[in-house]
Amino acid sequence: MNDNMDKELNEVEEFDDLDNIIVLNDEEGNEVEFEYLDAVEMDGKEYIILLPVEEQENGEVVIFRVEGEGENETYVGLEDEAEAEKVFNLFKEKAKDDFDFAD
């Protein structure tokens, strides 16, 4: 498993709205497009759940912890699997009507 904690997710509906697309730079400086799915808060911290645009067929999401604010906002991949699992479970509960989650 990589630092970004991937989980299985099957979409119920297609998203053609490009307003949900964000572009982030990976460790090598390459631009990677993600579909923004949601944000959740846990223990006073904010997390975002993203779906890589190029890999939507496999349905794996990426979870980042949001640090900083405004122009100084950064997204940090989760290394703690327990933290990522808790965030993903919050997202599953919040988005259960929008997605069909694989076990």
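Values as computed for the structure displayed
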item	result
Count of residues meeting criterion [surrounded by fewer than 16 Cβ atoms within 10 Å (Cβ to Cβ) and either within 14 Å of residue 46 (Cβ to Cβ) or among the aliphatic types (A, V, I, L, M) (or both)] in the stretch 58-70	5
Hey, residue 73 in contact with a Ser or Thr (Cβ under 6 Å, 6 or more places away or on another chain) and either loosely packed, with under 13 Cβ neighbours inside 10 Å or at pLDDT below 90 (or both) or not	no
Condition check for residue 80: over 11 Å from the mean Cα position of the chain (by Cα) and either surrounded by 13 or more Cβ atoms within 10 Å (Cβ to Cβ) or modelled with pLDDT of 85 or more (or both)	yes
Residue selected from the stretch 83-103 under the condition small (Gly, Ala, Ser) and in a loop (DSSP other than H, G, I, E, B), by the criterion farthest from residue 40 (Cα to Cα)	102
Every pair of residues 6+ apart whose Cβ atoms lie under 9 Å, when the first sits in the stretch 41-55 and is without any contact (Cβ under 8 Å) to a residue 40 or more places away in the chain and over 15 Å from residue 84 (Cα atoms) while the second is surrounded by 21 or more Cβ atoms within 10 Å (Cβ to Cβ) and not charged (D, E, K, R)	52/34; 52/61; 52/62; 53/34
Residues within the stretch 30-71 that are over 14 Å from the mean Cα position of the chain (by Cα) and either of a type in the set (A, V, I, L, M, F, W, C) or in a strand (DSSP E or B) (or both), tallied	4
Residues being over 13 Å from residue 92 (Cα atoms) and among the small types (Gly, Ala, Ser) - total across the stretch 37-56	1
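The values are calculated or read from the model by the stated rules, or taken from the named source; none is laboratory data. Keep in mind the model is a prediction, meaning the values are calculated, not measured. Note that we place each Cβ from the backbone using ideal geometry, even for glycine, and neighbour counts take in every protein chain shown.
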